[in-house]
Amino acid sequence: MGNSRIFMTIMGILIFIMSPEANAQFFKKLKQQAEEKLLKKANKEVYDIFTGNKGAKEEEGVKEAETIKTDQSKSAKPTSGQQVKTTYIESDYLVYKSPIPAFKDIVIQKHKDLPRFGAVDSYMMRDNPKKVDLSKQAAEKRNLTGLGYSGFAHLVRIRMLKEHFKVMDKAALTQRTIGQIIEQEAKSSLAQKVLKEFAFDMGTDALKKEYFMNDWSGDGKSPFVREWGGHQADDFTENEKYVSFVNKYLDKILKWSEEFFPDGTDDFQLVHDLKFYGQYDFDKGGFWVQLPLKGKSLKVSSLDYFTEFLPQTSYGQEIANKVSQVEYINGYVLFKISPEKAEALINDKTVLLQLSVKVKSVFKEFQTSNPFVYGAHYTYHFLEPVMELYSDAQLTRKIGEIDLRNLIYKGSD
């Protein structure tokens, strides 16, 4: 309390002896600092979620990357002045190395050296997969791969929008014409939007400080904001930052995007959570499970490259024909397993049933109902005639297979 009074006395003396001009500057600075604090408080949720990292560095096969906020994570939220990092072993993941130092690598989960999509490992408690693992290590892994899947999606969009980028205005931000849709404007606007999202999500702190920060306080601690130039940047600054970014990075980003869906297709390990339908069937010697077909048991995130099952093999066509019949429309097939193994599986509390199959995703067309929004239609088909079943999210405990060439279907009850 005494120190506080001394401080206030000194401040009062300083203010009294200052010239009017100095006084005005002093109060102006105090006002700016107060406004900055209020604004930071108001924007806290925004910049906590969207702040990026300070660039990853690699040493002896171990990668360092910061923890970023995802909707699955409850770990500490980094700001532009606080870097939270995690370490991981590259061989455990599929890593798309960034050819541009200003952008982070893309790190996603893999299975059999292919990208794992559909149901991913959410890093739950290993002895109870119904509970979230709240450890720092698990949270960091969720953040790391969450950012990776986001980056993967960004670069796929950029790849699929290559014709849009050819007509994108590189000299100015596109302004939409009110009351009508002009095709070139729509393409330019969408390409610019996708480019900005990629830049903000995958850029390092150094990049975001240059293009997404309005450092009004001059202390370098202002929040990153998902707009060119940062918070409340004027139109001239927005345009200047956009043009500068395009000139410096666009060609390199477009080149990097060619690694994704290089010929309009890509191969994946499609994984989905498996359920046994009904009780063990002693007559047939197994459980009934549902085929991973869109509209039936297949549930994937917005990173969805499996819009429509379009078979390209004879066994795939037989499956499509069979499940189109009313009697077999649910797509239930038999998974054979002995009663002893089935009982042990059901009683094991560490079990999280997963089904994995190798598929090819094929880009078909854009959905054009709203030309200002990215929407794409992908088909997929099986590349191998065997589905593998596992009892853990890591896909390490294999419990059996289902041969797609020799299925036993369950008719409607």
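If amide hydrogens are placed 1.01 Å from N in the peptide plane, which non-local residues have theirs closer than 5 Å to the one on Val386?
Leu404
Please list, in chain and number order, the residues 5+ apart from Lys294 or on another chain whose amide H is under 5 Å from its amide H, with Hs placed from the backbone.
Phe309
What is the list of residues in segment 117-157 whose amide nitrogen lies under 16 Å from a point 7 angstrom out from the Cα of Glu259, following Cα to Cβ?
Zone members listed by number: 145, 147-157.
For the charge dipole of segment 190-253, defined by +1 on Lys and Arg C-beta atoms and -1 on Asp and Glu C-beta atoms about the Cα centroid, which residue among Pro223, Ala206, Ile253 has the Cα displaced farthest towards the positive pole?
Result: Ile253, furthest along the dipole toward the positive end.
Which entries in Lys110/Lys255; Lys208/Lys294; Lys141/Lys221; Lys209/Lys358 show an alpha-carbon gap greater than 30 Å?
Lys208/Lys294; Lys209/Lys358
How much FRET efficiency would the formula 1/(1 + (r/R0)^6) give for Ala320 and Lys349, where r is the Cβ-Cβ distance and R0 is 25 Å, rounded to 0.05?
0.10
For labels at Phe372 and Lys193 in the simple 7 Å Cα→Cβ model, what's the distance in nm?
0.7
Please give the per residue accessible area of segment 190-331, computed with a probe of 1.4 Å over protein heavy atoms only, in Å².
Value returned for segment 190-331: 47 Å² of accessible area per residue.
When you count, for each residue, the other Cβ atoms within 10 Å and take the mean per peptide, how do 310-318, 112-120 rank with the highest first?
112-120, 310-318
Distance between Cα centroids, segment 170-243 to segment 331-410: provide it in whole Å.
40
For segment 350-358, take each phi angle, set θ = phi - 60°, evaluate the Karplus expression 6.51 cos²θ - 1.76 cosθ + 1.60, and give the result in whole Hz per residue in order, putting x for glycine and proline.
Karplus values, whole Hz, x for Gly and Pro: 8, 6, 9, 5, 9, 10, 10, 8, 7.
Write down the Kirkwood hydrodynamic radius of segment 304-379, to one decimal in angstroms, obtained as one divided by the mean of 1/r over all alpha carbon pairs.
When all Cα pairs of segment 304-379 are included, the Kirkwood radius is 16.2 Å.
For segment 192-206, what does the Karplus curve 6.51 cos²θ - 1.76 cosθ + 1.60, with θ = phi - 60°, yield as ³J(HN,Hα) per residue in whole Hz, taken in order and with x for Gly and Pro?
My calculation for segment 192-206 gives 5, 5, 5, 5, 5, 4, 4, 4, 6, 6, 9, x, 6, 4, 4 Hz in order.
The values are calculated or read from the model by the stated rules, or taken from the named source; none is laboratory data. Everything quoted here is computed from the prediction, not taken from an experiment. In this analysis, Cβ positions are derived from the backbone assuming ideal geometry, glycine residues included, and neighbour counts consider all displayed protein chains. Just so you know, the surface numbers come from the protein's heavy atoms only, side chains and all, with ligands and any DNA or RNA stripped out. Shrake-Rupley method; radii C 1.70, N 1.55, O 1.52, S 1.80 Å.
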